[in-house]
Amino acid sequence: MSKIISVHSFRGGTGKSNTTANLAALLALQGNRVGVVDTDVQSPGIHVLFGLDESQMAHSLNDYLYGKCAITETAVDVTSNLKVPVKGKVFLIPSSIKAGEIARVLREGYDVGLLNDGFQDLLEGLKLDFLLIDTHPGLNEETLLSIAISDALVIIMRPDQQDYQGTGVTVEIARKLGVPAMLLVVNKVPQAFDPAEVKAKVERIYNCTVAAVLPHSDEMMALASAGIFSLQYPDHPVAAKYKQLAAQLMA
Amino acid sequence: MDNEAFNTLKRDVESMTEVEGLTMTDLLTFPDDLRLLLNWMMRENGVQIEEMASYLAQEVNEARMLLEKMIEKGLIEEIKKKEEEQYQVLVKSSRNYRVPKKIWQVIE
Ligand SMILES: Nc1ncnc2c1ncn2[C@@H]1O[C@H](COP(=O)(O)OP(=O)(O)OP(=O)(O)O)[C@@H](O)[C@H]1O
Ligand SMILES: [Mg+2]
């Protein structure tokens, strides 16, 4: 059965795009056909992780949202960009990085209902096993829709007081929307913190299990979104955590 | 759900004002059973009347009455899929990009 998985955080910069890209690559390594949609139309970024430049984007999600093409026409097969042998496939549905097109979204908005139809067309048209949705931080109609139709929601937070408050809001909304599976991820945990303590604290606050605690990693900072971390550092502890998350999504 | 809960659900739908589709923020303000029913339909991406009846643990006729009311109120629409009648939540074509203020009331 195909699965829609949204990756969300209340605040920005928590690691959504890196997590989405790593999960997509790891799921494809296991032979899955994976789609990745960059719904962060205001500030797109995940294409960078897949090494995609503007010349390779014939169409973008924006073209679909404004009725210029079918959503399946915007999908780019980025499997070969992963540069390791992969049994499955990764398709990226990028958002436009043209200033004028981003400005249009900010000015006019877009028909949020089209996202729902688009996701379904992608699942069917590309015969996907998983569709991962990289979202804009915070809550708006479009992130709420992504959450509402997800089979699983990955919520990312840092061990930061500001994140603690905001994440509570997302957890509550996900519960109200009856999302079948919620995977809470604590990212960028300083080496000085005890991961078991962080896990216990977060679980106590939200009354919800934590799927993974990822340490802050200098290697990951140094990679600086120039590639997929778990493919470049397969033996790194952060890669092990990503694998653990991917396994939970496949279960 | 039991008959009492089902009757409450019917009354909740009856007392609603007509809309032309739903926004996600509206959905968050609905009573639990109605919201969960609509969430379920959204995630299934369309359901048949028999599936809806079994979700509600009601006879098909009862489910159909509720369904017709929901269509009347503009919450769901009929779609044709693989030659079958299916019903799906009607997501409002809102170009409203910002979070409406009432979202904060919902989660308080
Ligand atoms: N565990 C980690 N250790 C160190 N750096 C990390 C870790 N996870 C992510 N980063 C870094 O944090 C930065 C932000 O990551 P990313 O772009 O994935 O976040 P995001 O949530 O998608 O941000 P935005 O909200 O802006 O879309 C990147 O520079 C990334 O390399
Ligand atoms: Mg991002």
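Among the residues making up the range B:72-84, those that are of a type in the set (A, V, I, L, M) and surrounded by 14 or more Cβ atoms within 10 Å (Cβ to Cβ) are B:Leu75, B:Ile76.
Looking only at residues in the range A:2-24 that are within 14 Å of chain B (Cβ to nearest Cβ) and farther than 12 Å from A:Asp129 by Cβ, the one that is nearest to ligand 2 (Cβ to nearest atom) is A:His8.
Total residues in the range A:109-127 satisfying the condition of being in a helix (DSSP H, G or I) and either closer than 17 Å to B:Thr23 by Cα or not charged (D, E, K, R) (or both): the figure is 11.
When the residues of the range A:216-230 are filtered to those that are crowded, with 18+ Cβ neighbours inside 10 Å and of a type outside the set (Ser, Thr, Tyr), the one that is farthest from A:Asn81 (Cα to Cα) is A:Met220.
Looking across the range A:179-225, the residues that are within 16 Å of ligand 2 (Cβ to nearest atom) and not polar (S, T, N, Q) come down to A:Val185, A:Lys188, A:Leu214, A:Met220, A:Met221, A:Leu223, A:Ala224. From the list B:Leu34, B:Leu56, the one residue that fits, being closer than 24 Å to A:Val112 by Cα and touching a Leu at 6+ places or on another chain (Cβ under 8 Å), is B:Leu34. Based on what the data block shows, is A:Asp40 farther than 19 Å from A:Ala246 by Cβ, acidic (Asp, Glu) and within 16 Å of ligand 2 (Cβ to nearest atom)? Judged against the criteria, A:Asp40 is a match. There is at least one residue in the range A:80-93 that is part of a strand (DSSP E or B), farther than 19 Å from A:Lys16 by Cα and more than 16 Å from the chain's Cα centre (by Cα).
Residues that are touching a residue at least 24 places away in the same chain (Cβ under 8 Å), within 14 Å of chain B (Cβ to nearest Cβ) and polar (S, T, N, Q): which helices (runs of 4 or more DSSP H) entirely in the range A:129-236 hold 2 or more of them? Talk me through it step by step, then tell me what you get.
Numbers: elements: A:141-148, A:161-176, A:195-206, A:218-223, A:229-232.
Those helices (runs of 4 or more DSSP H) span A:141-148, A:161-176.
So if I check each of A:Ala103, A:Ala70, A:Ala21, which one is of a type outside the set (S, T, N, Q) and within 16 Å of ligand 1 (Cβ to nearest atom)? Show your work before the answer.
On the way: A:Ala103 fails: within 16 Å of ligand 1 (Cβ to nearest atom); A:Ala70 fails: within 16 Å of ligand 1 (Cβ to nearest atom).
Only one candidate qualifies: A:Ala21.
Specify the residue that is farthest from the other protein chains (Cβ to nearest Cβ); the eligible residues are those in the range A:29-51 that are in a helix (DSSP H, G or I) and more than 9 Å from ligand 1 (Cβ to nearest atom). In this case the residue turns out to be A:Leu29. Name the residue that is surrounded by the most Cβ atoms within 10 Å (Cβ to Cβ), counting only residues in the range A:65-77 that are without any contact (Cβ under 8 Å) to a residue 40 or more places away in the chain and of a type outside the set (Asp, Glu). Step by step, filter the range A:65-77, then rank; the result is A:Thr74.
Look through the range A:86-128, keep the residues that are in contact with a strand residue (DSSP E or B) (Cβ under 6 Å, 6 or more places away or on another chain) and without any contact (Cβ under 8 Å) to a residue 60 or more places away in the chain, and return whichever of them is nearest to the other protein chains (Cβ to nearest Cβ). Among them, the one singled out is A:Gly113. In this entry, A:Glu219 passes the filter for residues that are more than 19 Å from the chain's Cα centre (by Cα) and near ligand 1 (Cβ under 10 Å from one of its atoms). If you go through the range A:109-119 and pick out every residue that is under 15 Å from A:Leu92 (Cα atoms) and of a type outside the set (A, V, I, L, M, F, W, C), you end up with 1. For the structure I just gave you, tell me whether A:Ala58 is surrounded by fewer than 19 Cβ atoms within 10 Å (Cβ to Cβ), on the phi < 0 side of the Ramachandran plot, out of contact with any helix residue (DSSP H, G or I) (no Cβ under 6 Å at 6 or more places or on another chain) and not hydroxyl-bearing (Ser, Thr, Tyr). For A:Ala58, the condition - surrounded by fewer than 19 Cβ atoms within 10 Å (Cβ to Cβ), on the phi < 0 side of the Ramachandran plot, out of contact with any helix residue (DSSP H, G or I) (no Cβ under 6 Å at 6 or more places or on another chain) and not hydroxyl-bearing (Ser, Thr, Tyr) - is met.
Only the coordinates and a few stated rules stand behind these numbers; no lab work does. Bear in mind the structure is a predicted one, so any value in this text is a computation, not a measurement. For neighbour counting, all protein chains shown are included, and Cβ atoms are generated from backbone atoms with ideal geometry for every residue, glycine included.
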